[in-house]
Every structure is written in C-alpha cells, then in structure tokens.
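Peer 1: I'd like to ask some things about the structure below.
Here, each number is a calculation from the coordinates, and none is a lab measurement. Source: prediction; values computed, not measured. Using ideal geometry, Cβ is built from the backbone for each residue, glycine included, and neighbour counts are taken over all protein chains shown.
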Amino acid sequence: MPDNKFDLSVNLAGLKLENFVYNASGVNNEILKQLQKIADSKAGAVLSKSTTIDPRTGNENPKYIVKSKQIPGCTLNSMGLPNIGFEKSLEMFEELSKYTHKTIIASVSGMSMEDNIKMFKTLENSPVQGIEWNPSCPNMVGKSILGYDMEAMDQAFQTLRPLTTKTLGVKLPPYMDITNFDRLAESLLKNNIDYIVSTNTIGNCLLIDSNKESVTIKPKNGLGGLAGSFIKPLSLGNVWSFYQRLKGQVKIVGVGGIHTGNDAFEYLLAGADAVQIGTGFAQNGTKIFEQVETELVDILNSKGYTSLDQVRGNLKTL
Ligand code: RRO
C-alpha cells in the first residue's frame, strides 16, 4: 500500500482485488515464476496469460516490439497465443494458490467453443476465483475476432455463463461503432456476465522501420495488435460508453495506456471499477503497479476524495 493509507481495494463482482490496479493478460504471465512475481508486487490480483487446451509456441519471431522507437509508450505484438496449455495451467494455478492469498484469475481463449466449454467446466474445481474469457485476440492467422460478431457473442454468453459459478469477465476488442456498445451491453446484461475488460489491443496495426524500409515484426507481413499510450483515448471511450449502458450491473475493468496515476484516475472518472496495466508492465516490470497506485492516491488525496466510489463514473459532460 502507498504510505498514505487510501483504501484502493475493490470488490469486482465478488472478486477481491487488493488494489485498483493489476496486470493485463499476455504480459509476463505465462509461467509460474512470472505469476509469483506479480503476486509479490502491489498488483491487486494475479491474472494469467490466455490458455488454450493444447500448448502453443505462437507465431514466428520477431513478434513483440516492447519499446517502440516509432511510438514511445506503445507496443506492437503478434504473439499468436503462446501458452503452456491447459493441463500445465491447472497445475500452475494449484501451485500459485499455495504461494499467494491474492485472487487468481484465469484467462481462457479456446480455439473453439467446445474447447472453451471443456476449460470452463474443469476450472470449476480449480483454485482460481475468476475467469476472464478472451474472444478478442487479433493475431490468430486466418481467424476473425469473435468479439466483433455480436450474434456469436450473445450465443457464446448463453453457452458459457451457466457453466461456471466463478466470477466471469470477458475481454473485449476496441469498438468504434456506437451500435456495438448498445448491442453488446444488452447481451451482457441479459446473460449476467459479471464484468468486462476493455480493451484488448487494436488489431492489424503496422509499425514501419523507415531506415530499414521494413516491417518490424514477422507474422502477418508486419501486422499486429497495438497497445499502450496511443490506444488510451479509444479504450477510455469504450469504458465510458459501456459505463453509461451497464449502470453498475456489469462491472468494468479498463485497460489501455496506463503509465501514471493520472491515467488511472481518468479511467476511474470514465467509470472503471478497476484497471489493468499491460504495456507499462512490459516496459517497467512489476514496480509500475506501486508507482501508479501511489500517484493515484496522491491525486485522490489532493482533491479531497476519501473513496474510489466518490469519483467512479463522475466524469463531467459539457
Ligand atoms: O497472444 C496474442 O497474440 C495476443 C492475445 Br491472446 C490477445 O488477446 N491480444 C493480443 O494483443 N495478443
């Protein structure tokens, strides 16, 4: 905790987060050692890399630009869902639950609905407290992003929600059409989804090295998911749009371009119940969680607030 003792804990639809800030899936969270490091930090919970049934090595290297020369504060990735596979993930969650009292959340991204069903059912008897279902990876060669198909999302919610008693979140891609917010919000409310995570990376972006006259990553002829500072306005817009439609009944975790306490404060104003850090974590390691929390507490104290609830969603309009 920052020394000035502001209570940053959050109850995210039953998930106890020790802090408002925790890690985004996909960054330094593929193996037990990395998850233990997150548990040892000031992160509010521990979230895993998305798991598939079978282990995957992912796309060809180079596939991750952690510190972009072209656009500082951003990353570009086409990892292609590398992960240790579901069996090993289950063992890892068991080990992790012996190591930490922090809330453990499993990110799940089945290659098919059948795979998702299998993993959801099996996770019932695991020590994870939450599932973050990820239908928004932009980097699967030849596959579209399910999160943009509103009908398929509704059907998936109908299938998956009854399978788990765990707190269920869904990681969403960034939307740019207002009707997506309307339709998805209706579906989330109807299907009792507990929370959303908004947003995943912006798919199919291109970073060019003009000296070399070359793309910067190998998969998909250079196309990958953009994250970090440049996506903050888009992710904030998604959080704010969903906040106005979900009315607190479906909680919101904001993610995208959080490097400072002020960034986190903006997400709080836009209605975020909690936030995740991906790019900032990739670029700075676990110390980013404490740094952002300390800065956020300083802002809240200086403005005279005594709880997160006094700020959440209270963004003024003109
Ligand atoms: O592994 C990835 O390529 C990846 C995933 Br699963 C995701 O959800 N978002 C992303 O930017 N990369």
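Peer 1: Using the Karplus curve 6.51 cos²θ - 1.76 cosθ + 1.60 with θ = phi - 60°, work out ³J(HN,Hα) for each residue of region 84-97 in order, rounded to whole Hz, and write x for Gly and Pro.
Peer 2: Coupling constants for region 84-97: 7, x, 5, 4, 5, 4, 4, 4, 5, 5, 4, 4, 5, 5 Hz.
Peer 1: Fewest Cβ neighbours within 10 Å first, please rank Ser302, Ser307, Ser78 accordingly. List each step's numbers first, then the result.
Peer 2: Numbers: Ser302 8, Ser307 11, Ser78 28.
Fewest-to-most Cβ neighbours within 10 Å comes out as Ser302, Ser307, Ser78.
Peer 1: Still on this structure, please answer the following. How much length is gained on full extension from Gln158 to Asp54, taking 0.36 nm per residue of separation minus their Cα-Cα distance?
Peer 2: Values: separation 104, 0.36 × 104 = 37.44 nm, distance 2.47 nm.
So the chain would gain 35.0 nm between Gln158 and Asp54.
Peer 1: Which aspartates and glutamates, if any, have their Cα less than 14 Å from the Cα of Lys190, not counting same-chain residues under 8 positions apart?
Peer 2: Counting by Cα, and skipping residues close in sequence, Lys190 has these aspartates and glutamates nearby: Glu151, Asp154, Asp182.
Peer 1: Between Glu95 and Lys16, what length in nm is gained on full extension when 0.36 nm per residue of separation is reduced by their alpha carbon distance?
Peer 2: Values: separation 79, 0.36 × 79 = 28.44 nm, distance 1.95 nm.
Gain on stretching Glu95 to Lys16: 26.5 nm.
Peer 1: Pairs of Cα atoms under 8 Å, at least six residues apart: use those to get the relative contact order of region 1-106, whole percent.
Peer 2: Values: 163 pairs, mean separation 29.7, N = 106.
Relative CO of region 1-106 lands at 28 percent.
Peer 1: Please give every one of the lysines within straight-line cross-link reach of Lys212, meaning a C-alpha to C-alpha distance under 24 Å, and leave out same-chain neighbours fewer than 8 residues apart.
Peer 2: Result set, ordered by chain and number: Lys63, Lys67, Lys69, Lys220.
Peer 1: Count neighbours as other Cβ atoms within 10 Å of each site's Cβ, and list the trypsin sites (Lys or Arg not before Pro) in region 24-103 that are DSSP loop with at most 14 such neighbours. Walk me through the intermediate numbers first.
Peer 2: Numbers: sites: Lys33, Lys37, Lys42, Lys49, Arg56, Lys63, Lys67, Lys69, Lys88, Lys98, Lys102; in loops: Lys42, Lys49, Lys63, Lys67, Lys69, Lys102.
Hits after loop and neighbour filter: Lys67, Lys69.
Peer 1: Quick check: net charge around Ala45, other residues with Cβ under 9 Å of its Cβ, Lys/Arg +1 and Asp/Glu -1? Walk me through the numbers on the way to the answer.
Peer 2: Working: positive: Lys16, Lys102; negative: Glu18.
Within the 9 Å Cβ shell, the charges total +1.
Peer 1: On to the next question. How far apart, in nanometres, would the label points at Glu290 and Thr317 be if each is projected 7 angstrom from Cα along the Cα-to-Cβ direction?
Peer 2: 4.1
Peer 1: Now for a different question. If you build a Gaussian network model of the chain, linking Cα atoms that sit under 10 Å apart, which residue out of Asn139, Asn180, Asn23 swings the most?
Peer 2: Per the Cα network of the chain with a 10 Å cutoff, Asn180 tops the list.
Peer 1: For a quick check: with amide H placed at 1.01 Å from N, whose amide H comes under 5 Å from Thr216's, ignoring anything fewer than 5 positions away on the same chain?
Peer 2: Amide H neighbours of Thr216: Leu207, Asp209.
Peer 1: Moving on. What's the center-to-center distance, using Cα atoms, between region 239-296 and region 1-65 in Å?
Peer 2: Cα centres, region 239-296 to region 1-65: 13 Å.
Peer 1: To continue, here is another question. If you rank Ser9, Ser107 by fewest surrounding Cβ atoms within 10 Å, what's the result? Provide the component values of the computation, followed by the final result.
Peer 2: Values: Ser9 14, Ser107 24.
Arranged by neighbour count, lowest to highest, Ser9, Ser107 become Ser9, Ser107.
Peer 1: Please go through the residue pairs Lys5/Lys303; Lys5/Lys171; Lys5/Lys166 and name each one whose alpha carbons sit more than 19 Å apart in this structure.
Peer 2: Numbers: Lys5/Lys303 15 Å; Lys5/Lys171 31 Å; Lys5/Lys166 30 Å.
Going by Cα-Cα distance, Lys5/Lys171; Lys5/Lys166 fall outside the 19 Å limit.
Peer 1: Sticking with this one: Which whole-Hz couplings ³J(HN,Hα) result when phi for each residue of region 168-183 is put into the Karplus expression 6.51 cos²θ - 1.76 cosθ + 1.60, θ = phi - 60°, listed in order with x for Gly and Pro?
Peer 2: Those phi angles translate into 10, x, 10, 8, 9, x, x, 9, 10, 10, 4, 5, 4, 5, 4, 5 Hz.
Peer 1: Using label points projected 7 Å from each Cα along Cα→Cβ, tell me how many nm separate Lys121 and Lys212, to one decimal.
Peer 2: Output for this residue pair reads 4.6 nm.
Peer 1: Let me ask something else. Once amide H atoms are placed 1.01 Å from N in the peptide plane, what residues at a sequence separation of 5 or more from Val108, or on another chain, have their amide H within under 5 Å of its amide H?
Peer 2: For Val108, whose amide H was placed from the backbone, the distant partners under 5 Å are Thr51, Glu132, Trp133, Asn134.
Peer 1: Let me ask you something else. For the chain, what is the mean residue ellipticity at 222 nm derived from helices alone (per DSSP H run of n ≥ 4: -39500 (n - 2.57); sum divided by total residues; nearest 500 deg cm²/dmol)?
Peer 2: When only DSSP H runs of four or more count, the value is -10000 deg cm²/dmol.
Peer 1: Still on this model: For Val197, enumerate residues with amide H under 5 Å from its amide H, sequence gap 5+ or separate chain, H modeled in the peptide plane.
Peer 2: The list, which skips near neighbours in sequence, is Val170, Lys171, Leu172, Val253.
Peer 1: Next up: Give me a comma-separated list of calculated 3J(HN,Hα) values for region 64-74, in order, Karplus coefficients 6.51, -1.76, 1.60 applied at θ = phi - 60°, integers in Hz, x for any Gly or Pro.
Peer 2: These are the phi-based 3J(HN,Hα) values: 9, 9, 7, 10, 6, 6, 5, 9, x, x, 10 Hz.
Peer 1: Can you tell me how the chain classifies by the Cα gyration tensor, rounded, prolate or oblate, using a/c under 1.5 as the rounded cut? Mind showing how you got there, number by number?
Peer 2: Details: a/c = 1.23, a/b = 1.10, b/c = 1.12.
Rounded, because the longest to shortest axis ratio a/c is under 1.5.
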